[in-house]
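Trainee: Got a structure here, written out as structure tokens. Questions coming.
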Amino acid sequence: MIESLQALQREAHDELSNSRTNDELEAWRLRFLARSGQLTRLLRGVGVAAPEDRPLIGRVANEVKAALESAYEARQRDFEQDAERANGDFDVTLPGRLPRRGAIHPTIRVVRDILTVFQSIGFRVAEGPEVEWERYNFELLNIPRDHPARDMHDTYWIDTPTNPGSMLLRTHTSPNQVRIMERTAPPVRVVVPGRVYRYEAIDATHETMFFQIEGLAVDRGITMADLKGTLTAFARAMFGSERRILFYCSYFPFVEPGVEVAIDCFACGGAGCRICKQSGWIEIMGAGMVHPNVLRAVGYDPDVVSGFAFGMGPERVAMLKYGIQDIRLFYGNDLRFLRQFA
Ligand code: PHE
């Protein structure tokens with residue numbers, strides 16, 4: 001049965017390429033594809049095949065049918081084009097149809113720009129899982145179960161049959177600090193881009209999925225001055241060689257001291273404008289010195305090595321850079337928005 005189907009398919013293909021006129025094409029269709037055609041006739045035979053063979057025969061028959069139908073349509077299009085040319089309908093002076101060019105998504109552009117800057121000063125790039133263990137996302141980052149800082153991260157929990165409630169969609173890229181230190185001896189210099197997820201109300205500045213780029217440097221004798229120098233170099237490469245950088249106290253459980261980092265506004269130079277909300281400064285990331293508890297948790301000795309870490313949001317950088325007012329535009333898939341970056 002299957003062999004007859006395949007033989008029929010070969011025969012039909014041969015005949016199709018021999019057809020030269022519309023009449024011949026129509027005769028071919030009646031002979032092979034029509035309700036009274038050979039394929040249909042052959043398929044009636046499926047009923048007498050052994051029941052266990054029927055699924056396979058049915059599948060092959062469907063494939064043959066689909067192949068013949070699309071060959072028929074392709075041939076039909078050939079004929080139509082030939083006819084147009086013969087009628088002189090084909091205007092050789094018409095401009096060709098340009099293929100549409102895709103564009104790099106604005107987030108990815110900014111991610112690449114940021115990574116390039118850090119790679120140029122000795123950081124390597126790594127990645128980690130988006131589905132993460134509670135341990136990595138919180139515990140090992142000095143955020144125990146009853147810690148109020150968990151409220152800052154509204155979490156999408158994932159229940160698995162064996163581990164109810166202990167997996168989640170990572171709420172930040174910081175778990176990669178732990179993952180990388182666990183498998184690497186110091187010194188470490190690494191940046192980690194990736195998607196993160198937060199269960200929160202969506203508005204012009206909040207999405208449930210967005211990107212972060214984590215940075216981590218650990219070595220003997222690393223100090224806050226290294227953090228400041230590195231981030232100043234980054235800010236100047238990214239936003240202009242005149243940039244100044246401002247640290248102010250902040251709190252993240254996995255760093256001590258913790259800071260928030262701002263640059264002087266690249267639009268107004270610090271005088272105050274709409275972009276910096278008249279303050280002269282634009283906040284671009286959280287950072288700090290890696291907490292001794294985090295170093296200890298991965299088996300590093302905080303009396304021997306120290307490090308800094310930072311985390312920033314590329315959408316925020318893209319919003320500043322391209323003047324995008326609403327974060328919802330990034331993942332709304334409106335092509336009119338995306339094409340502007342072609
Ligand atoms: N993980 C923090 C956040 O998502 C950012 C951060 C990273 C802060 C590294 C300090 C050091 O808000």
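We did not get these values from a lab; they are worked out from the coordinates using the rules stated. Being a predicted model, the structure only gives us computed values, none of them experimental. Don't worry about glycine lacking a Cβ; one is built from the backbone with ideal geometry, like all the others, and counts go over all protein chains shown.
Trainee: Helix 106-120 against the longest principal axis of the chain: what's the angle in degrees, Cα atoms only, rounded to the nearest 10?
Mentor: Its long axis makes an angle of about 50 degrees.
Trainee: So, one more: Sort by residue number and name the cysteines in the chain that have no neighbouring cysteine Cβ under 4.7 Å.
Mentor: C249 - these cysteines have no disulfide-compatible partner (Cβ-Cβ under 4.7 Å) in the chain.
Trainee: Suppose only helical runs count, i.e. DSSP H with n ≥ 4. What mean residue ellipticity at 222 nm does that imply for the chain under -39500 (n - 2.57) per run, divided by all residues and rounded to the nearest 500 deg cm²/dmol? Mind showing how you got there, number by number?
Mentor: On the way: 11 runs with 133 residues, N = 342.
Dividing the helical sum by the residues of the chain leaves -12000 deg cm²/dmol.
Trainee: Could the peptides 228-235, 50-57, 205-212 be put in order, highest first, of the mean number of other beta-carbon atoms found within 10 Å of their residues? List each step's numbers first, then the result.
Mentor: On the way: 228-235: 19.0, 50-57: 10.8, 205-212: 17.4.
Averaged packing, sorted descending, gives the order 228-235, 205-212, 50-57.
Trainee: Most fluctuating residue of G47, G102, G258 in a GNM of the chain with Cα springs under 10 Å: which is it?
Mentor: G47
Trainee: Suppose each label sits 7 Å from its Cα in the direction of the beta carbon; what would the R244-N87 distance come out to in nanometres?
Mentor: 7.4
Trainee: Using only alpha-carbon positions, what ratio does the radius of gyration of the chain give when scaled by 2.2 N^0.38 Å?
Mentor: Numbers: Rg = 31.2 Å, N = 342, 2.2 N^0.38 = 20.2 Å.
My calculation over the Cα atoms of the chain gives 1.54.
Trainee: Oh, and also: Taking neighbour counts of Cβ atoms within 10 Å as a proxy for exposure, in what order, fewest first, do C276, C249 appear? Numbers along the way, then the final one.
Mentor: Numbers: C276 22, C249 9.
Ranking C276, C249 by Cβ neighbours within 10 Å, fewest first, gives C249, C276.
Trainee: I need the semi-axes of the equivalent ellipsoid of segment 121-205: take the C-alpha gyration tensor, multiply each eigenvalue by 5, square-root it, list largest first in whole angstrom. Mind dumping the intermediate values first?
Mentor: On the way: eigenvalues 112, 55, 31 Å².
Here the semi-axes work out to 24, 17, 13 Å.
Trainee: Using θ = phi - 60° and the Karplus relation 6.51 cos²θ - 1.76 cosθ + 1.60, list the HN-Hα couplings for segment 307-317 in order, rounded to whole Hz, with x at every Gly or Pro.
Mentor: x, 10, 9, 8, x, 9, x, x, 4, 5, 4
Trainee: Please name which of I121, I104, Y156 has its Cα lying farthest along the dipole of the chain towards the positive end, using unit charges on Cβ (Lys, Arg +1; Asp, Glu -1) and the Cα centre as origin.
Mentor: I121
Trainee: Also, I was wondering about something else. Can you tell me the 0 to 90 degree angle between the C-alpha axis of helix 54-87 and the longest principal axis of the chain, rounded to 10?
Mentor: That works out to roughly 80 degrees.
Trainee: How large is ³J(HN,Hα), in whole Hz, for each residue of segment 40-52 in order, when computed from phi with the Karplus curve 6.51 cos²θ - 1.76 cosθ + 1.60 and θ = phi - 60°, using x for Gly and Pro?
Mentor: 4, 4, 4, 5, 4, x, 4, x, 8, 6, 4, x, 6
Trainee: If you average the sequence gap of Cα pairs under 8 Å that are 6 or more apart and divide by the length of segment 106-341, what percent do you get for the contact order? Write down the numbers at each step before the final one.
Mentor: Values: 447 pairs, mean separation 48.4, N = 236.
Computed value for segment 106-341: 21 percent relative contact order.
Trainee: Toward the positive end of the charge dipole of segment 2-86, about the Cα centre and with charges on Cβ (Lys, Arg +1; Asp, Glu -1), which of Q76, L42, Q9 goes farthest?
Mentor: L42
Trainee: Given the peptides 336-342, 310-316, 183-189, arrange them by the average over their residues of other C-beta atoms within 10 Å, most packed first. Mind dumping the intermediate values first?
Mentor: On the way: 336-342: 12.3, 310-316: 22.0, 183-189: 14.4.
Highest-to-lowest ranking by the protection proxy: 310-316, 183-189, 336-342.
Trainee: For A103 and A7, compute 0.36 nm times the residue count separating them, minus their Cα-Cα distance, and round to one decimal in nm. Don't skip to the answer; put the middle values down first.
Mentor: On the way: separation 96, 0.36 × 96 = 34.56 nm, distance 4.64 nm.
29.9 nm is the gain from fully extending A103 to A7.
Trainee: For segment 218-233, in order, what is each residue's ³J(HN,Hα) by Karplus, 6.51 cos²θ - 1.76 cosθ + 1.60 with θ = phi - 60°, in whole Hz (x at glycine and Pro)?
Mentor: 10, 6, 5, x, 7, 10, 4, 5, 5, 4, 5, x, 4, 6, 5, 4
Trainee: Would you grab the residues whose amide H sits under 5 Å from the one on G270? Only those 5+ places off in sequence or on another chain, please, with H modelled 1.01 Å from N.
Mentor: C265
Trainee: Can I ask one more? Which order do the peptides 19-26, 260-267 take when ranked by the mean count of other beta-carbon atoms within 10 Å per residue, highest first?
Mentor: On the way: 19-26: 12.4, 260-267: 20.5.
The peptides rank, most packed first, as 260-267, 19-26.
Trainee: Hey, another quick one. Using amide H atoms built in the peptide plane, which far-off residues or other-chain residues are under 5 Å from I222 H to H?
Mentor: Hits under the 5 Å cutoff: S306.
Trainee: So what is the orientation-averaged projected area of segment 2-86, using the convex hull of its C-alpha atoms, in nm²?
Mentor: Numbers: hull surface 21.5 nm².
Mean shadow area of the hull around the Cα atoms is 5.4 nm².
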